[in-house]
Amino acid sequence: MSVDPRRLLILRDVAAAGSISAGARTLGWTQPAVTQHINALERSAGMPLLLRSATGVVPTEAGRAVLSHADAIAAHLDAASAELEELRSFRTGTVRLAAFPSALATLVPQALKRMAAAGGSSVQVKLAEAEPDEAMAMLAGDEVDLAVVFSYADTPPNRTGPDEAKNSFQALTIGADPVDLILPPSHPAARKPALSLADLADAEWVAGCPRCRAHLVATTRRAGFEPRISHSTDDYVVVQSLVAQGLAVSSLPRIALEAYRSPDVVVRECPELAGRRIEVLFRPGADRVPSVRLVLRHLAGIR
C-alpha cells in the first residue's frame, strides 16, 4: 500500500469541513477534483475512508485511523514552515566558523558583538581555532560554514581547499593587516630612526606558523640574508615574551598586537614587510543561507 500524503491532507480538509463540496471550497478546488483524489486514496487503502450521504461525509474506522496520521503530517508541516520562517528572517540558525588565532581574539568577537548589538537574532556561531590551511580543509570537509584566513599581500591568495577534489571557495575580503617588527629594547636597531631588515641580519628570530615562517624567509632573502630561526611558536604572547627577554627578534601582524601587546618590547614599522589580507572563505552559494549571510555581513563590518 502506498499512501500519498497530499491526499491524506485533502481527506483531512474534507472531514473537517463535513462534506466534499465544503472541503473543495476550503481548498479552492472544484468538487470533481477533490472527489477524484479521495477516490484514489480509497483505492490505495483498499477500503472506504468516508461514508457519503446527502448531508455530508463521516469517516469510517479506517478513515479515522488515517486521519490521525494526516493530523500528524499537518503538524509537522506547520512546524517545518515555522522553522523555515525563523531561518529566513535571521531569527535562528547555527553557523560554524573557523579562524586563525589572532582573528579569533579580535575580529571575530568584534563581529559577534556587532551582531548581538543589532538584536532581533538568535543565530548561534560555533567557533574553532585553525590556521588557514587547516581551516580550508575543514571548509572543504563540511566541518565549518565559514573560514577566516589570511594571505600575504605579495603572495597570490590561496582559495583552494587542500582536499583531493581541490574545492574552490568564494571569498569576502574583510580587512588588511600590516606586519610590524618586534624587538627587545636592548637591541641596537630598536633606536634607529630608519629601520631596515638588513639591520637584523645577525639576529636570532622567532618564527610563527608554517605560512608565516615561509613568508619571513622569502622576505629576508629578498633583503639579502637567511634568517637564523631559533624558536618557532604560533603563540603571539610567547613570541613577545621571548623577544622581551632579549632572546630573539620577530615580526607580528597588527591584529596580534591588538589582542596582546607586551610593554617590554619595541614595535617598529618596516616597509619591507608585506601586510596580510584577511578574508572569509565559504562554499559557493553559502552566502544565500540567511544565517551565514548575517554573520558575513557583521564580519565585514556592514550593519
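Quick note: the coordinates plus some simple rules give every number you see, no bench work behind them. Here the structure is a predicted model, which means the values were calculated and not measured. A quick note on method: Cβ atoms are made from the backbone with ideal geometry, for glycine too, and the neighbour counts reach across all protein chains shown.
Compared with the dominant Cα axis of the chain, that is its longest principal axis, helix 5-17 is turned about 50°.
Ranking request for peptides 73-81, 99-107: highest mean number of other beta-carbon atoms within 10 Å first, then the rest in descending order.
On the way: 73-81: 11.3, 99-107: 23.0.
Taking the mean over residues of other Cβ atoms within 10 Å, the ranking is 99-107, 73-81.
Test of understanding: what is the full-extension gain from Thr26 to Ser68, defined as 0.36 nm times their sequence separation minus their Cα-Cα distance?
Values: separation 42, 0.36 × 42 = 15.12 nm, distance 1.97 nm.
Extra length from Thr26 to Ser68 when fully extended: 13.2 nm.
Under a model in which nothing but the beta-carbon of Lys, Arg (+1) and Asp, Glu (-1) is charged, the chain shows a dipole of about 960 debye around its Cα centre. If you take the Cα centroid of region 188-213 and the Cα centroid of region 112-135, the two points sit 34 Å apart.
Could you grab the Rg to Rh ratio for region 179-274? Cα atoms only, Kirkwood for Rh. Walk me through the numbers before you get to the answer.
Values: Rg = 11.8 Å, Rh = 13.0 Å.
Ratio value, two decimals: 0.91.
Estimated from the Cβ-Cβ distance and a Förster radius of 51 angstrom, the FRET efficiency linking Thr233 and Ala80 is about 0.55. Please work out the C-alpha center-to-center distance from region 1-44 to region 224-293 and express it in whole Å. Centre-to-centre distance over Cα atoms comes out at 66 Å. When the charge dipole of the chain is built from unit charges on Cβ atoms (+1 for Lys and Arg, -1 for Asp and Glu) and taken about the Cα centre, the candidate among Ser186, Leu294, Pro48 whose Cα reaches farthest toward its positive end is Pro48.
What is the magnitude of the charge dipole of region 5-88 about its Cα centre, with +1 placed on the Cβ of each Lys and Arg, -1 on the Cβ of each Asp and Glu, and no other charges, expressed in debye to the nearest 20?
On the way: 8 positive and 8 negative charges, 82 e Å.
Roughly 400 debye, rounded to the nearest 20.
Put +1 on the Cβ of each Lys and Arg and -1 on the Cβ of each Asp and Glu in region 179-274; which of Leu197, Val249, Pro210 then has its Cα farthest toward the positive end of the dipole? Of the options given, the answer is Leu197.
Cα axis of helix 107-118 to longest principal axis of the chain: angle in degrees, 0 to 90, nearest 10? The helix 107-118 is inclined about 40 degrees to the chain.
Toward the positive end of the charge dipole of the chain, with +1 on the Cβ of Lys and Arg and -1 on the Cβ of Asp and Glu, the farthest Cα among Val266, Ser21, Val149 is that of Ser21.
Charged side chains reduced to their Cβ positions (Lys and Arg at +1, Asp and Glu at -1) give region 179-274 a dipole of some 160 debye around its Cα centre.
Rounded to the nearest 500 deg cm²/dmol, what is the calculated helix-only ellipticity per residue at 222 nm for the chain, with -39500 (n - 2.57) per DSSP H run of length n ≥ 4? Please list the in-between numbers first.
Values: 11 runs with 128 residues, N = 303.
After summing the helix terms and dividing by residue count, I get -13000 deg cm²/dmol.
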